[in-house]
Protein chains: 2
Amino acid sequence: MRRFSLNQATTKYWPMPELVAGCLDAGVTGVGLWREETAAYGLDKTAALMRDAGLTVTSLCRGGFFNAPGWYDENRRAIDEAATLGAPVLVLVSGGLPEGGRDVDGARARVGAAIGELVPYALSAGVRLAIEPLHPMFCSDRCVVSSLGQALDLAAPYPAEAVGVVVDTYHVWWDDQVWAQIGRAGREGRIACFQVADWITPLPEGVLLGRGLPGDGVVELRRFREAVDATGFDGPVEVEVFHAEVWARPGREVLDAALAGYRAHVA
Amino acid sequence: MRRFSLNQATTKYWPMPELVAGCLDAGVTGVGLWREETAAYGLDKTAALMRDAGLTVTSLCRGGFFNAPGWYDENRRAIDEAATLGAPVLVLVSGGLPEGGRDVDGARARVGAAIGELVPYALSAGVRLAIEPLHPMFCSDRCVVSSLGQALDLAAPYPAEAVGVVVDTYHVWWDDQVWAQIGRAGREGRIACFQVADWITPLPEGVLLGRGLPGDGVVELRRFREAVDATGFDGPVEVEVFHAEVWARPGREVLDAALAGYRAHVA
């Protein structure tokens with residue numbers, strides 16, 4: 001329970017104060033936040049709400065999208081927001097191919113270079129950048145970083161205190177190399193964020209909102225938690241689910257389901 | 001043009017005799033067949049139709065689904081059908097996780113063992129088994145073989161004349177290891193089938209019918225054809241697209257579009 005963190009995306013429509021009250025009531029001490037929801041409630045107000053409640057902000061989602069116009073300034077703003085919220089980690093989703101483009105190698109190289117440009121600012125702000133590999137089904141339109149090994153290759157040129165990686169079970173469970181790459185991530189000191197969601201089918205149109213609560217799908221979640229822990233990682237375990245049906249349920253009910261799934265399948 | 005082959009799935013509702021006439025008229029000499037369509041028209045009748053027209057059957061889809069009851073007999077039947085049709089290659093889609101199961105390593109090991117059980121029969125029939133890695137989004141429910149490297153690992157214990165792999169651009173384009181694995185596949189003499197489809201978004205619900213005609217998406221198709229050719233491969237290039245909107249168009253119109261896409265983006 002100490003390590004459980006509720007990623008806010010799991011209960012997308014739960015108003016911020018109710019989410020905080022619900023977490024306190026359930027004994028949850030960690031919350032992962034999203035920029036949109038934080039901005040809607042107010043950045044400073046959110047920071048104060050979390051601080052006053054004694055909740056730990058475990059991560060902020062998200063920076064990245066390095067092929068969007070203005071990406072550099074936008075990512076600096078995201079780093080600032082993470083610092084204001086006390087989030088140690090800013091999750092980076094790289095963005096897909098440029099409009100009309102097919103050069104995936106080039107797009108990946110640009111991601112590495114863009115992260116390099118942000119490193120000094122992130123270091124000075126005390127916020128760690130965390131490269132998130134997304135499932136290969138998002139490669140063209142959302143994230144050209146498609147495996148944990150690739151995320152680690154992109155992080156390699158930069159100090160581990162500045163650039164880490166996200167291990168999200170939903171995105172990497174299919175990869176027969178992932179166990180070796182989790183070991184490598186541990187040795188290289190790169191595990192910045194560990195997120196848990198389950199894989200369920202059929203996938204919905206557009207495939208974004210298909211993540212399942214822990215235990216509802218086929219991922220060996222406990223094996224992942226044990227593999228990450230075996231590297232010495234002792235950080236938060238964020239449950240992060242996007243699913244229209246989950247979002248339609250009351251926030252507290254979803255939190256309780258996430259906690260039950262976490263206890264039964266992850267902890 | 002000599003190497004172009006129309007995979008029948010691209011023009012799913014084109015009746016067999018019209019498909020043959022259309023191919024002859026367009027100068028197409030190769031066709032990839034599917035078991036369901038072949039059975040519906042009649043196996044021997046299909047074989048005679050192809051033979052009389054002088055068309056080469058480049059592959060038969062598909063065997064596999066090794067966790068289905070009766071898989072062994074069903075795959076022997078598929079091998080027999082390939083032999084009757086003169087198809088040199090039977091494409092294998094492994095099947096997903098067993099119902100209610102999470103053990104993906106175990107499922108993959110069973111695929112390797114099942115293929116081994118089929119090798120003697122395939123050799124005696126003169127039909128080559130071709131392991132097809134499917135995109136990781138199909139890992140749980142359709143195919144636990146998720147990368148070309150993994151397919152090659154599964155093929156490795158068996159003679160290359162008995163077990164090869166399929167390189168299908170749609171399934172492997174996102175993989176930064178794929179270029180090295182194509183080289184390996186060539187060195188190991190394993191490239192049994194080369195299929196081309198493009199990656200388009202958004203993906204439809206269930207994600208199966210989302211393949212695009214060559215040139216409609218983001219895959220570096222010519223780079224793939226050149227990489228496969230660089231290993232010494234000189235076999236057919238099958239255009240294989242499943243898409244509801246493509247299926248709704250007249251067969252000849254789709255064939256012409258496939259040919260145009262092939263010339264512009266593959267050949």
### Task
Within segment B:188-212, track down each residue that is at the interface with chain A (Cβ under 10 Å from one of its Cβ atoms) and of a type outside the set (Gly, Ala, Ser).
B:Asp198, B:Trp199, B:Ile200, B:Thr201, B:Pro202, B:Leu203, B:Pro204, B:Glu205, B:Val207, B:Leu208
#### Entry: Count of segment A:178-233 residues which are touching a Pro at 6+ places or on another chain (Cβ under 7 Å) and assigned to a loop (DSSP other than H, G, I, E, B)
2
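For the condition in contact (Cβ under 8 Å) with a residue 60 or more places away in the chain, open to solvent by 50 Å² or more (accessible area, probe 1.4 Å) and in contact with a helix residue (DSSP H, G or I) (Cβ under 9 Å, 6 or more places away or on another chain), what is the one hit in B:Asp234, B:Asp256? Lay out the reasoning, then the answer.
Working: B:Asp234 fails: in contact with a helix residue (DSSP H, G or I) (Cβ under 9 Å, 6 or more places away or on another chain).
Answer to the selection: B:Asp256.
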### Query
Only one residue in B:Ser140, B:Ser59 is facing another protein chain (nearest Cβ under 10 Å), under 25 Å from B:Val178 (Cβ atoms), surrounded by 20 or more Cβ atoms within 10 Å (Cβ to Cβ) and of a type in the set (Ser, Thr, Tyr). Which one?
B:Ser140
### Task
Quickly run through segment A:165-194 and pick out the residues that are open to solvent by less than 10 Å² (accessible area, probe 1.4 Å), touching a helix residue (DSSP H, G or I) at 6+ places or on another chain (Cβ under 7 Å) and under 17 Å from A:Val266 (Cα atoms).
A:Val167, A:Thr169, A:Val172, A:Ile182, A:Phe194
### Task
Answer with yes or no whether A:Ala267 is open to solvent by 10 Å² or more (accessible area, probe 1.4 Å), of a type outside the set (Lys, Arg) and more than 19 Å from the chain's Cα centre (by Cα).
no
### segment B:143-157 - residue that is farther than 16 Å from B:Val93 by Cβ and not charged (D, E, K, R) and, of those, nearest to the other protein chains (Cβ to nearest Cβ)
B:Gly149
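Residues A:Tyr121, A:Tyr170: which one is in a helix (DSSP H, G or I), under 28 Å from A:Val218 (Cβ atoms) and hydroxyl-bearing (Ser, Thr, Tyr)?
The unique qualifying residue is A:Tyr170.
Which one of these is free of Cβ contacts under 8 Å to residues at least 40 places away in the same chain and away from chain A (no Cβ under 14 Å): B:Ala185, B:Ala160, B:Ala125, B:Ala180?
On the way: B:Ala185 fails: free of Cβ contacts under 8 Å to residues at least 40 places away in the same chain; B:Ala125 fails: free of Cβ contacts under 8 Å to residues at least 40 places away in the same chain; B:Ala180 fails: away from chain A (no Cβ under 14 Å).
Of B:Ala185, B:Ala160, B:Ala125, B:Ala180, the one residue that is free of Cβ contacts under 8 Å to residues at least 40 places away in the same chain and away from chain A (no Cβ under 14 Å) is B:Ala160.
Report whether or not B:Asp141 is among the acidic types (Asp, Glu), within 22 Å of A:His135 (Cβ to Cβ), without any contact (Cβ under 8 Å) to a residue 40 or more places away in the chain and not in a helix (DSSP H, G or I). Walk me through it before giving the result.
On the way: among the acidic types (Asp, Glu): yes; within 22 Å of A:His135 (Cβ to Cβ): yes; without any contact (Cβ under 8 Å) to a residue 40 or more places away in the chain: no; not in a helix (DSSP H, G or I): yes.
No, not satisfied.
The values are calculated or read from the model by the stated rules, or taken from the named source; none is laboratory data. For clarity, every value in this text was computed on a predicted model and none was experimentally measured. Note: ideal-geometry Cβ built from the backbone for every residue, glycine included; neighbour counts use all protein chains shown. With ligands, DNA and RNA removed, areas are computed over all heavy atoms of the protein, side chains included. Shrake-Rupley method; radii C 1.70, N 1.55, O 1.52, S 1.80 Å.
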